[in-house]
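This report concerns only the one structure given below.
Here, each number is a calculation from the coordinates, and none is a lab measurement. Source: prediction; values computed, not measured. A quick note on method: Cβ atoms are made from the backbone with ideal geometry, for glycine too, and the neighbour counts reach across all protein chains shown.
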Amino acid sequence: MNQPRIRALILAVPSAIASHHAVAAGLEYPWQSTSAMGTAQASAAEAADASVVYFNPAGMVRLKTTTVSQSGQLLSASGRFEDEGTTRLVHGQEVPTGGGPAGSYFPKAIPGGQFYAVTPYNDSITLGLGVFVPVGANINYKSDWSGRFFQDEGALESVNINPSLAIRFDDKHSLGFGVSAQLMHMRLRAGVDVQEGAWGIGKRTVQTGLSQLCDSNGLPLVGGVTSALCGRLAGLVAGPLVADGSGEGSLRIEGIGYGFGWNAGYMYRFNDDRTRFGLTYRSLIRTTIRGEADWDISGVTGTIPDITGVKDGDPVSLLGALAGRVELRDYTERYVRPDTDATIRTVTPESVGLSLFHQATERVALMTALTWTRSSRVRELRVSFDDRPGPNGTVEQGDAVVRLRFRDTLKGAVGMNYRWNDHLLLRTGLGFEQTPVPDPQARSASVPDANRYIASLGANYQPRRNLDVDFAYSYIMLEDAEAEYHDDCHPSGYVPSQTGSGDIGPGNECTGNGGTFIGRYSDARVHSLGVQINQRF
């Protein structure tokens, strides 16, 4: 193993990395204004306050004076996870992981907010600005729970700055355009299975030193030892070599990234503006997140043979390595998992929306909205680690790949406004949002998403002509969902070959923990309260 480039052969970044990518398609922040929250966001064609910048910039032409809307929400989420046999690898075989319960994996309080401003430039052109949270997530399991090698905690904060322009062609037709600058901050943490990684290193070391005996065709002079048989024998030998090890490690990644996109909208108003139809489009946004990958191996004890001098096909060098031992923690930090930088490239998928608003009577208005999102753009998430110089050459850490396989999604809502009097307007709405997670095999601990049902109530109170305030409450219920996500990367840093040899070939390097995450998510609920102040100048 004294080749110029040392292959990274241990530890993991699990599907925790998926959390920030998943939110981009399936865990988008649910509210973009409190006024819309009151109708489960069925009010995209209402265009009654400055939040129209987000929902349909073409509707900005309806605001005849400078309008500022400042909105905030507080979300409280809860849920349960029941483990149904989550596994880890022990000497290459899946066994129950063990550990405590997941706990309520959502934080008790999640704040969010938006700022919108609209001002007419002249009779035909209106300008607007939106600052809002497009996606966000915060998941926090107990540190000793059974799925810790897949996810411990993860958080994503984002902000989108969206200047917009609307053009009024006549009393019926208008178009709107906007550009977006999106900033993301991500923080992730997961457990690391150091002991199984050490076993894999020991196995690979034995195979390296005895490579001449482990040719895939075998050697007739020594009884035709096959690659598969040699791999099994090496695994048996490796067990006692690392038997004194104990403890687990962790990986923490934190970084910031940005991306750019655009959006457009069309609004058709007829029936004396009592009926409005809207069509909107938001482009995909590609975001590159650069951050630091910090491996914490401080809780790991035990030793490993000093394998740094083992040469390919040299049994003598193997015997020399087995005679000496080094600290497992020191070997891991120097030769295998040094702290480094990481790059994660994500996609916020494009979406198309349709909306309709109809003022049925002087008191009653009906509305609906439907959005299609091209979530199928999100097939996997790949995390790349920068190379670092090591004592014997460059330390390479294989990419971490999470298979998401998202599908395209639809979400829709219907809502109603009721004018109680000149000062008070009441709102209500029902909504449904489809999850992009297609099946249990794509649902990991970082993506506890499922189809969502939404019920909302709201009110708008206008104490003065130039001031009104929105209040809203919403209840979101997620369907129960099964999870059966498999990580095919061994903790020693490679995808095991199908022959059973465990050989590492070009392109086989990876970063992961292995095992299968199996369980059931249930009773997931989200309560939301919001307030919004609308001022006209």
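Worth pointing out:
- For Thr66, residues with placed amide H under 5 Å, excluding near neighbours: Phe537
- Per-residue HN-Hα couplings for region 30-37 [Karplus 6.51, -1.76, 1.60; θ = phi - 60°; Hz; x = Gly/Pro]: x, 10, 10, 5, 6, 4, 6, 4
- Using R0 = 56 Å, the C-beta based FRET efficiency linking Arg405 and Arg274 works out to 0.80.
- Within region 67-153, the chymotrypsin sites (Phe, Trp or Tyr not before Pro) that combine a DSSP coil assignment with at most 14 other C-beta atoms in a 10 angstrom radius are Tyr121.
- Per-residue HN-Hα couplings for region 60-73 [Karplus 6.51, -1.76, 1.60; θ = phi - 60°; Hz; x = Gly/Pro]: 4, 5, 6, 8, 8, 10, 4, 10, 10, 10, 10, 10, x, 9
- With θ taken as phi - 60° and the Karplus curve 6.51 cos²θ - 1.76 cosθ + 1.60 applied, the whole-hertz 3J(HN,Hα) list for region 428-445 is 7, x, 10, x, 9, 10, 7, 7, x, 6, x, 6, x, 5, 9, 9, 9, 5 Hz, x standing for glycine and proline.
- At q = 0.11, 0.12, 0.15, 0.25 Å⁻¹ the log10 of I(q)/I(0) for region 43-127 amounts to -0.56, -0.59, -0.69, -1.11, computed by Debye summation with a single uniform scatterer per C-alpha, solvent ignored.
- Distant-in-sequence amide contacts of Leu284, defined by a placed amide H-H separation under 5 Å and a gap of 5 or more residues or a different chain, comprise Glu350.
- For Ala50, the residues 5 or more places off, or on other chains, whose built amide H falls under 5 Å of its own are Ser69.
- With the convex hull of the Cα atoms taken as the outline of region 360-476, the averaged projected area works out to 12.6 nm².
- The mean sequence distance of close C-alpha pairs (under 8 Å, at least 6 residues apart), as a share of the length of region 396-537, puts its relative contact order at 24 percent.
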